[in-house]
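Participant: Let me give you the structure first, and then I'll get to my questions.
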Amino acid sequence: MSDFTVTRRNFIKTASASAFAGTLGFSITGLTAKSADKKLGIALVGLGNYSTRVLAPALQQTEHIKLTGIVTGTPAKIPEWQEQYGIKDKNIYNYETMHEAADNPDIDVFYIVLPNNMHKPYSIIAAEAGKHVFCEKPMALDEAECHDIIAACEKNNVRLSIGYRMQHEPITQQIIAFGREKTYGDILHVRAADGFFLGNTNHWKAHSELGGGAMMDMGVYAVNASRYVTGEEPIAVTAKIDHARPDEFTADEIMFFDLEFPSGIVSNCMTSLAHRVNELHVTARNGWYEMKPFMSYGGIRGETSDRKVLEESVPNQQAHQMEMDALSILNEKPMQVPGEEGMLDMRVVDAAFKSAKTGKRVEIKKNKV
Ligand code: NAD
């Protein structure tokens with residue numbers, strides 16, 4: 001470790017208190033539930049890759065939220081989930097019976113981890129059942145759908161959080177604080193790029209039908225990051241779609257998009273399902289700072305022009321995210337990543353697709369809802 005490396009202890013000391021309130025490890029957050037033994041029960045809706053490999057294991061590490069239920073359309077998956085996680089028969093639902101959980105006190109939260117075209121209907125079913133909603137990104141297919149989800153949650157008096165786990169992550173929060181506190185002066189320029197190689201082009205993520213495509217799957221992180229580092233809402237976008245495998249994708253495989261912000265900042269963004277890329281770079285008047293990668297499950301790393309190295313301090317981002325969200329609910333505090341975050345991103349995404357279609361710069365306005 002070099003002299004310039006910020007150790008975890010120094011990092012905590014040097015980081016702004018506001019940026020870190022409630023974000024580092026469960027025991028030192030300062031946030032605890034009013035009733036220490038209170039745990040929320042959560043049911044995962046959709047048992048695909050993310051639920052199976054990431055969320056269910058992460059829920060074995062949480063203190064205030066526990067995996068109690070599942071919703072699946074594939075009965076063959078049930079025995080393994082029951083064996084592995086001890087899920088009771090009465091807490092297992094399919095997509096047609098999920099609403100019946102309204103009477104089930106074991107389930108406080110439904111986490112929607114389905115293809116993107118199913119986020120709106122199943123978030124609304126969850127809200128109508130009186131359950132809090134965690135909804136994966138992208139929040140829905142467009143801005144109008146996001147408004148419908150928000151309205152359903154408000155009507156049923158339940159909380160809503162979007163699965164942008166990086167907003168709970170301490171290095172990300174330090175990078176956000178650099179902008180807010182102008183540590184390196186006014187931000188002049190942002191560059192955000194994220195993508196991976198999607199080998200299986202038969203997957204729904206390669207196709208528009210279920211809400212796939214690079215922008216919906218990965219580009220929303222670049223949009224979200226551009227918004228959180230600048231603290232501004234973009235006013236215009238110019239976008240272009242490209243393909244490495246045009247015969248295999250019906251959705252966008254690669255998208256380049258430039259966001260213009262009110263203060264004059266431009267964020268050059270790129271997202272791809274054709275190759276691996278993962279970086280967020282901020283140029284400010286007196287220096288620069290970056291995260292590389294900025295949104296992978298592990299290995300998050302930050303660096304600054306004055307040679308600080310920001311090291312990862314959260315061992316499991318998803319456990320941390322769900323723990324923080326559970327504590328917000330239990331302590332009746334605002335959600336850190338509320339529905340508005342997903343909705344504002346989809347406003348940008350809608351405009352980016354419009355721009356890519358017309359080849360013109362598109363001003364970003366509230367869409368008809
Ligand atoms: P996946 O394809 O592995 O899983 C989707 C699940 O939905 C499967 O269990 C499948 O059986 C079920 N399903 C129900 N109806 C379906 C239908 N008509 N067609 C296809 N599948 C259907 O996808 P995933 O990677 O788990 O992604 C699920 C959601 O989670 C997406 O919204 C994705 O953007 C999000 N996600 C978020 C992160 C993150 O880091 N926040 C990571 C991965 C995925």
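The values are calculated or read from the model by the stated rules, or taken from the named source; none is laboratory data. Owing to the predicted nature of the structure, the values given are computational and were not obtained by experimental measurement. Because the Cβ atoms are built from the backbone with ideal geometry, glycine has one as well, and the counts that use them run over all protein chains shown. The area values use the complete protein model at the heavy-atom level, side chains included, leaving out ligands, DNA and RNA. Shrake-Rupley method; radii C 1.70, N 1.55, O 1.52, S 1.80 Å.
Participant: Taking a 25 Å limit on the Cα-Cα distance, which of the listed pairs K88/K155; K39/K88; K77/K333 fall beyond it?
Facilitator: Too far apart for the 25 Å limit: K88/K155; K77/K333.
Participant: Okay, which of segment 248-276 sit inside 11 Å, backbone N to the point 7 Å along the Cα-Cβ direction of D186?
Facilitator: Under 11 Å, as judged by backbone N against the label point of D186, lie 263-265 of segment 248-276.
Participant: Could you check how much of the accessible area of segment 40-163 is carbon and sulfur, as a whole percent, using a 1.4 Å probe?
Facilitator: 48 percent
Participant: Now for a separate question. Taking the alpha-carbon centroid of each part, what is the distance from segment 103-153 to segment 268-306 in angstrom?
Facilitator: Here the two parts' Cα centres lie 30 Å apart.
Participant: Here is a further query. Taking 7 Å along the Cα-to-C-beta vector as the label spot, tell me the Q60-V309 distance in nanometres, rounded to one decimal.
Facilitator: The answer from the label model is 3.1 nm.
Participant: Please list M218, M322 in order of solvent-accessible area, largest first, computed with a 1.4 Å probe with all protein chains present.
Facilitator: Highest to lowest solvent-accessible surface, that is M218, M322.
Participant: Output needed for segment 40-163: three equivalent-ellipsoid semi-axes, defined as square roots of 5 times the C-alpha gyration tensor eigenvalues, in descending order, whole Å. Mind dumping the intermediate values first?
Facilitator: Details: eigenvalues 96, 45, 37 Å².
Equivalent ellipsoid of segment 40-163: 22, 15, 14 Å, largest first.
Participant: Next up: Taking Cα atoms of segment 169-225, Rg/Rh with Kirkwood Rh, to two decimals?
Facilitator: Working: Rg = 15.8 Å, Rh = 13.7 Å.
Reported Rg/Rh (Cα atoms, Kirkwood Rh): 1.16.
Participant: Local charge sum around G219 (other residues, Cβ-Cβ under 10 Å, Lys/Arg +1, Asp/Glu -1)?
Facilitator: Around G219, the charge tally is -4.
Participant: Another one. How much accessible area does K360 have with a 1.4 Å probe, in Å² rounded to the nearest 10?
Facilitator: Counting only protein heavy atoms, the figure is 130 Å².
Participant: C269: net charge of surrounding residues, Cβ under 9 Å, Lys/Arg +1, Asp/Glu -1, itself excluded?
Facilitator: On the way: positive: R191; negative: D194, D258.
Residues close to C269 contribute a combined charge of -1.
Participant: Calculate for the chain the 222 nm mean residue ellipticity that helices alone would give, adding -39,500 (n - 2.57) per DSSP H run of length 4 or more and normalising by residue count, nearest 500 deg cm²/dmol. Walk me through the numbers on the way to the answer.
Facilitator: Numbers: 9 runs with 98 residues, N = 369.
It comes out at -8000 deg cm²/dmol, rounded to the nearest 500.
Participant: Excluding ligands and nucleic acids, what accessible area in Å² is computed for R301 using a 1.4 Å probe, to the nearest 10?
Facilitator: R301 has an accessible surface of roughly 100 Å² with all protein chains in place.
Participant: Would you mind getting the accessible area per residue of the chain, heavy atoms of the protein chains only, 1.4 Å probe, in Å²?
Facilitator: So the chain comes to 43 Å² accessible per residue, rounded to a whole number.
Participant: More than 31 Å apart: what percent of Cα pairs in the chain qualify?
Facilitator: More than 31 Å apart: 35 percent of the Cα pairs in the chain.
Participant: While we're here: Contact order normalised by length for segment 40-163, with contacts defined as Cα pairs under 8 Å and 6 or more residues apart; what percent is it? Please list the in-between numbers first.
Facilitator: Numbers: 213 pairs, mean separation 29.2, N = 124.
Averaging sequence separation for qualifying contacts and normalising by length gives 24 percent for segment 40-163.
Participant: Taking the Cα centre as origin and putting +1 on Lys and Arg beta-carbons and -1 on Asp and Glu beta-carbons, what dipole magnitude results for segment 39-124, to the nearest 20 debye?
Facilitator: That gives a dipole near 240 debye.
Participant: Further question: Accessible surface of I92 in the full protein assembly, 1.4 angstrom probe, to the nearest 10 Å²?
Facilitator: Accessible area of I92: about 40 Å².
Participant: Let me know the charge dipole size of the chain about its Cα centre in debye, to the nearest 20, where only the beta-carbon of Lys, Arg (+1) and Asp, Glu (-1) is charged. Walk me through the numbers before you get to the answer.
Facilitator: Values: 39 positive and 47 negative charges, 140 e Å.
Dipole magnitude for the chain comes out near 680 debye.
Participant: Between H203 and E154, 0.36 nm times their residue separation minus their Cα-Cα distance comes to what?
Facilitator: That pair, H203 and E154, stretches by 14.2 nm at full extension.
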